[in-house]
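Novice: If you scroll down you'll find the structure; I have some questions about it.
The values are calculated or read from the model by the stated rules, or taken from the named source; none is laboratory data. These figures come from a predicted structure and were not determined experimentally. Reconstructed Cβ throughout: ideal geometry from the backbone, glycine too, with neighbour counts over all protein chains shown. When the accessible area is computed, the model is the full protein with side chains, heavy atoms only, and any ligands, DNA or RNA have been set aside. Shrake-Rupley method; radii C 1.70, N 1.55, O 1.52, S 1.80 Å.
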Amino acid sequence: QVQLVESGGGLVQAGGSLRLSCAASGSTFRIVAMGWYRQAPGKQRELVARVTNGGSINYADSVKGRFTTSRDNAKNMVDLQMDSLKPEDTAVYYCNADAVNPRVSYWGQGTQVTVSS
């Protein structure tokens, strides 16, 4: 099992910044990638950013140039720096870890990010 604990989030005005952090524990040796997803009311959960153990990073087009993810493999942590926030970034943000042997995707409890206009 892998446990994910998120921190950060909250309320910010448009144009502001927030930073999310996620710490993994448990069978972290099985993790091959970590990242962030978000789900806005009435919408499907979507990828925000994902980074593999090898350092390959994918960003959603909607956040490119504004959000930056970083990962500390030694500490089993992944951060998401969110700048130039927009009201449409409002959502519950979930930390994710993809593990193998067996292949399982783990989720954090989610943290609310609200951007006011």
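Novice: How large is the accessible surface per residue of the chain, computed with a 1.4 Å probe and reported in Å² as a whole number?
Specialist: Roughly 51 Å² per residue, with all protein chains present.
Novice: Let me ask something additional. Summarise the accessible area of the chain (1.4 Å probe, protein heavy atoms) by the percent that is carbon and sulfur. Display every interim value, and only then the final one.
Specialist: Values: 2930 of 6000 Å².
Of all accessible area on the chain, carbon and sulfur atoms account for 49 percent.
Novice: Further question: Could you please report the charge total around ILE57, scoring K, R as +1 and D, E as -1 over all other residues with beta-carbon less than 11 angstrom from its beta-carbon? Before the final figure, lay out each step's value.
Specialist: Details: positive: ARG50, LYS64, ARG71; negative: none.
That sum, taken over residues with Cβ under 11 Å, equals +3.
Novice: What Kirkwood Rh does the chain have if only Cα atoms enter the pairwise 1/r average? Answer in Å. Display every interim value, and only then the final one.
Specialist: Working: mean 1/r = 0.0708 Å⁻¹.
Mean inverse Cα-Cα distance, inverted, gives 14.1 Å.
Novice: OK, next. Once Lys and Arg get +1 and Asp and Glu get -1 on their Cβ, which of ALA40, ASN73, GLN13 lies farthest toward the positive end of the dipole of the chain?
Specialist: Going by the Cα projections, it comes out as ASN73.
Novice: Where a Cα-Cα gap under 21 Å defines reach, which lysines qualify for LYS43, not counting those fewer than 8 residues away within the same chain?
Specialist: Output for LYS43: LYS64, LYS86.
Novice: Can you list the aspartates and glutamates whose alpha carbon is less than 17 Å from that of LYS75, not counting same-chain residues fewer than 8 positions off?
Specialist: Output for LYS75: GLU6, ASP98.
Novice: Let me understand the stretch 51-117 better: what is its radius of gyration from the alpha carbons, and its Dmax, in angstrom?
Specialist: Looking at the stretch 51-117, its Cα Rg and Dmax stand at 13.4, 45 Å.
Novice: How far apart, in nanometres, would the label points at SER27 and GLN13 be if each is projected 7 angstrom from Cα along the Cα-to-Cβ direction?
Specialist: In this crude label model, SER27 to GLN13 measures out at 4.8 nm.
Novice: For the stretch 41-72 and the stretch 1-37, write down the distance between their C-alpha centroids in whole Å.
Specialist: One Cα centre to the other: 11 Å.
Novice: If you put +1 on each Lys and Arg Cβ and -1 on each Asp and Glu Cβ, how big is the dipole of the chain around its Cα centre, in Debye rounded to 20? Mind dumping the intermediate values first?
Specialist: Details: 12 positive and 9 negative charges, 35 e Å.
For the chain, the charge dipole is close to 180 debye.
Novice: Sequence gap at least 6, Cα distance under 8 Å: using those rules, report the relative contact order of the chain to the nearest whole percent.
Specialist: Working: 284 pairs, mean separation 42.7, N = 117.
Once normalised by length, the contact order is 36 percent.
Novice: Could you derive backbone 3J(HN,Hα) for the stretch 33-46 from the dihedral phi with the Karplus parameters 6.51, -1.76 and 1.60 (θ = phi - 60°), listing whole Hz in sequence and x where the residue is Gly or Pro?
Specialist: Rounded to whole hertz, the list is 7, 9, x, 10, 10, 9, 9, 8, x, x, 10, 6, 5, 10.
Novice: Sticking with this structure for a sec: How compact and how long is the stretch 1-59, expressed as Rg and Dmax of its alpha-carbon atoms in Å?
Specialist: 13.5, 38
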